[in-house]
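Step one of this worksheet: look at the structure below.
FYI, it's all coordinate maths here, none of it is from the lab. Only a predicted model underlies this, so the values are computations on that prediction, with no experimental measurement involved. Note that each Cβ is placed from the backbone with ideal geometry, even for glycine, and that neighbours are counted across all protein chains shown.
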Amino acid sequence: MPDLKFRARFPLLTLIVERLLLSLMLLLAVSVLIFGGVEALPGDFASTYLGQSATPQAIANISAELGLDKPVVSRYFSWLGGALQGDFGTSWASRNSVSEQVGRRLGNSLFLAGFAAVIAVPLAIGLGMLSVHFRNRMPDKIINVISLAAISLPEFFIGYLLILYFAVNFGIATFPATVYESMGLLERLKAIALPTATLVLVVLAHMMRMTRAAILSVMSSAYMETAELKGLSAGRAIIKHAAPNALAPIINVVALNLAYLVVGVVVVEVVFVYPGMGQYMVDAVTVRDMPVVQACGLIFAAVYILLNMLADILAIVANPRLRHPR
Amino acid sequence: MSDFTKYLAGRVTAGGMNRREFMGRSMAAGLTLAAASQLFDTSANAQQPKKGGHLKLGLEGGAATDSIDPAKATSQVMFTAVRTWGDTLVETHPQTRAPLPSLAESWAPSPDATVWTFKIRKGVKFHDGKDMTTDDVVATLKRHSDSKTESGAAGVLKSIKSIENKGGDLVVTLVSGNADLPQIFTDYHLVIQPDGGVDKPTAGIGTGPYKVTSFEPGVRMTFEKNANDWRSDRGFVQTVEMITMNDATARIAALSSGQVNFINRVDPKTVSLLKRSPNVELLTTAGGGHYVFIMHCDKAPFDNNDLRMALKYAIDREEMVKRILGGYGKVGNDFPINDTYALFPEGIEQRTYDPEKAKFHFKKSGHSGSVLLRTSEVAFPGAVDASVLFQQSAKKAGIDIEIKREPGDGYWSNVWNVQPFSASYWGSRATQDQFYSGAYLSTADWNDTRFKNEKFDKLLISARGELDERKRKDMYREMAVMVRDEGGTILPMFNDFVNGATKQVKGYVNDIGNDMSNGYLASRVWLDA
């Protein structure tokens, strides 16, 4: 069978194509879910948006202009038609292009997440290795206690502590962390110092503990003992035998945390007054601004799916054994 | 010194009035020549407003969904923003709420108050350099009141029959007489835009003291001084920056670290902490906003006035003001008007917590079992705590209140104005007429207590067209007593506006009209170096 042959010859490529197709279907399903979810929420856009100053006439006018009086299914498909052509429509509330606004907010979110990741990932893995090296000795214990303490505190509390000491008491950090278009890179970096520090503290422990556990479990396995017994040098043993097996779980945890940094940091955004995607979506859900909610939801889903896919692919690349499932 | 003279003195201090004008108006208000002269000198020397500087505000109540179109301005941030870049036809006096000229120089009603003629100020330019004309005014008012309107001001403009430009004057004809039309035109949605903003509602171009320089909804808005401003008594700082900060703690941190000059909505629970900060000043203003527990007068068991009375006597107002507002507020008397309104009916007996009377009415009502109160954190700040306090004080009167905590999301569409007994809040309105017409008239859109009383409706309509203030005040008194003794509103407290500023900020005017100096904050204050 040629199909099988192709699969056997390019296992990685096949996998990527399969995953991509699956992701598209997942995204479609997500868009239906979000649309249905917002539809099911009590209250429509016009009355929620105008609040106590609304009159029935104004509500009817807004609904008619936005086509809210049409049936749900036809509204979904007209939205989908636009989205497939890359047009996410305009926000019902601000009447601005969703793509443009989302682009700016997503840029902000990625900027913050990116910087947090650049610091947190090497730090976590480095600390994990350190604590393996000093296993059950003082440095290991200190690293563990501090990182566990950081993960045990809710993220908003860490944020408030940092604000209290570095912005209010010592006055050395910038607060609020609001970034805007006309801001220079250096200014931006200064503005995000505190939220970055908060995020690093929040995600550090998870990745660090996983690194430590993965390396420890591999190091105590039989084949590492064999490698040592057959006279391989420590470095060779780690690179050839230990690393490929330990990498997969580490990559997975890193990917999960990266996804969290992009889509799960609403609270940190609120505390530091940072204009990211999370806050944008919450604002939109509050007034049932469907085009914005849809766009945000899809982007969040896409980020999760892509990062998970990337993690799987990297794990397979790192460890050839996974390429041939039994 | 009377409030009005105080206000005039403030205008002098703010640089907006010369000696001649001040003397004339003060003496008209009953001050002697010598006294007025002396007052002018002290006011003029006390605090000269400093020009220039960058004013940074950290404000609650903005969202990514904000629109710069004044018709859609609902959030706190957009309310202040609109006041900063635009002007309405009429302004209100900060202490008495009497109408003052703005883009309209003067006005006069027909004897039955159905036809109003407004003289429109000449020589005022929009930010884009075009002259502001009566046609712009007509177009603006039409956009907010015609049948296609999507405006938040549509409700207050309902009674307008026609809007015309007659020989350069604005002539407004009403369906029925309304003595409050000038006050209605102070509504912040009604800022005058070029061509009424019909083509470009979101251009952000007006006649205000500041021009919009950038706008990111829910993030930040910046302004710069309008060099061609038609008034010289406002707009002292060079640039203004409004940052949306919806987190209460973030606002306090930003203010106490001096990174913003002003914040709104200080949580009464944290006021004491903020007071400890040496460079911070607390700015509190009485307002007409209030927190309520509302009962539907037409649904059992609340269709029984004795049960309503029992619950009104079973609430401890003093304690609520102390615990929920941290003392920053005043007790309510079960009608929605307080002394921040013109023609406030004085001398109506204050209802107090009286378990005995509550017991008496409860027994008389014949109701047995508990009553279900629905509440939520979003109903008003501290609503859940207030409901529990209510439950405790009612218990002592033998009334069992069962509390159901509802989710915040959807509270305004599922619970408020739907369920028979719930917690809620109201903001202030420009006049008593506006308030009663919006929430107590039988046919009102938001009659959230289902208070339907023919006599009340008739009084409201006739008071609206009454130009004699004495007669009008008596009518409002009668209406207040009706709502207090027969209505479905339990009104324990009026909340103050609590804001905070760094000590650099000078010239803040306590304006009873609305929060943040009635939205004029940015144009009224200056920064002392």
Rough spin-label spacing in nm, given labels placed 7 Å along Cα→Cβ, for residue B:122 and residue A:142: 8.2
With +1 on each Lys and Arg Cβ and -1 on each Asp and Glu Cβ, how big is the dipole of chain A about its Cα centre, in debye rounded to the nearest 20? 1480
Can you return the aspartates and glutamates within cross-link range of residue B:364? Criterion is Cα-Cα under 13 Å, with same-chain partners fewer than 8 residues away left out. B:306, B:356
For a label point 7 angstrom out from the Cα of residue B:462 toward its Cβ, which stretches of the range B:175-196 have the backbone nitrogen within less than 18 Å? B:176-180
Calculate one ³J(HN,Hα) per residue across the range A:271-276 by plugging θ = phi - 60° into the Karplus curve 6.51 cos²θ - 1.76 cosθ + 1.60, and present them in order as whole Hz with x for glycine and proline. 4, 9, 6, 9, x, x
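What full-extension length gain, to one decimal in nm, is calculated for residue B:161 and residue B:455 as 0.36 nm per residue of separation minus the Cα-Cα distance?
Details: separation 294, 0.36 × 294 = 105.84 nm, distance 2.56 nm.
Extending this stretch completely gives an extra 103.3 nm.
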Over the Cα atoms of the protein assembly as shown, how large are the radius of gyration and the largest Cα-Cα distance (Dmax), in Å? 31.4, 111
Report the one residue of A:179, B:324, A:318 whose Cα lies farthest in the direction of the positive end of the charge dipole of the protein assembly as shown (charges on C-beta: Lys and Arg +1, Asp and Glu -1; origin at the Cα centre). A:318
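For residue B:413 and residue A:95, FRET efficiency with R0 = 30 Å and r from the beta-carbon atoms, rounded to 0.05? Each step should come with its number before you reach the end.
On the way: r = 23 Å, r/R0 = 0.76.
Using R0 = 30 Å, I get an efficiency of 0.85.
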Dipole-positive endmost among B:502, B:389, B:462 within the protein assembly as shown (Cβ charges, Cα centre): B:502
Residue B:374 long-range amide H proximity, modeled H, under 5 Å: B:404, B:421, B:422, B:423
Going by a ≥ b ≥ c, the root eigenvalues of the Cα gyration tensor, does the range B:373-445 fall in the rounded group (a/c under 1.5), the prolate group (a/b larger than b/c) or the oblate group? prolate
Can you tell me what percent of all Cα-Cα pairs in the range B:290-495 are more than 22 Å apart? 46
Under 16 Å from a point placed 7 Å out from the Cα of residue A:77 along the Cα-to-Cβ direction: which residues of the range A:21-38 have their backbone N that close? A:32
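Note down the magnitude of the dipole of the protein assembly as shown about its Cα centre, charges +1 on Lys and Arg C-beta and -1 on Asp and Glu C-beta and zero elsewhere, to the nearest 20 debye.
Numbers: 88 positive and 82 negative charges, 460 e Å.
Approximately 2200 debye in magnitude.
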Placing each pseudo-label 7 Å from Cα in the direction of the beta carbon, residue A:216 and residue B:275 end up separated by a distance in nanometres of 5.3
Using the Cα atoms of the range A:98-323, I'd like the radius of gyration and the largest Cα-Cα distance, Dmax, both in angstrom. 20.2, 67
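For the pair residue B:486 and residue B:202, what calculated FRET efficiency results from E = 1/(1 + (r/R0)^6), where r is the Cβ-Cβ distance and R0 = 45 Å, to the nearest 0.05?
Details: r = 45 Å, r/R0 = 1.00.
Approximately 0.50, to the nearest 0.05.
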Which residue fluctuates the most in chain A, going by a Gaussian network model with Cα springs under 10 Å, if the choices are A:208, A:290, A:25? A:25
Farthest towards the positive end of the dipole of the range B:290-495, among B:367, B:423, B:489 and with Cβ unit charges of +1 on Lys and Arg and -1 on Asp and Glu, lies the Cα of B:367
What distance in nm lies between label points placed 7 Å from Cα along the C-beta direction at residue B:148 and residue A:13? 5.8
Which order do the peptides A:275-281, B:259-265, A:304-310 come out in when sorted by mean C-beta neighbours inside 10 angstrom, highest first? A:275-281, B:259-265, A:304-310
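Return the FRET efficiency for the residue pair residue B:175, residue A:41: r is the Cβ-Cβ distance, R0 is 35 Å, and the value is rounded to the nearest 0.05. Numbers along the way, then the final one.
Working: r = 38 Å, r/R0 = 1.08.
So, using R0 = 35 Å, E works out to roughly 0.40.
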Please list, or write none, the lysines whose alpha carbon is within less than 17 Å of the alpha carbon of residue B:322, excluding same-chain residues fewer than 8 places away. B:269, B:330
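When Cβ neighbours within 10 Å are restricted to other protein chains, what is their mean count per residue of peptide B:150-162? Please list the in-between numbers first.
On the way: counts 14, 7, 8, 3, 9, 8, 2, 1, 2, 0, 0, 0, 0.
Shielding by partners across B:150-162 averages 4.
Mean shadow of the range B:376-529, computed from the convex hull of its alpha carbons, in nm²?
On the way: hull surface 51.2 nm².
That works out to 12.8 nm², a quarter of the Cα hull's surface.
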Given a cut-off of 21 Å, name the pairs among B:56/B:506; B:125/B:225; B:312/B:404; B:357/B:395; B:161/B:452 whose C-alpha atoms lie farther apart than that in the structure shown. B:161/B:452
Could you tell me which of rounded, prolate or oblate describes the range B:87-197, using a ≥ b ≥ c as the square roots of the eigenvalues of the alpha-carbon gyration tensor, with rounded for a/c under 1.5 and, failing that, prolate when a/b is larger than b/c and oblate otherwise? rounded
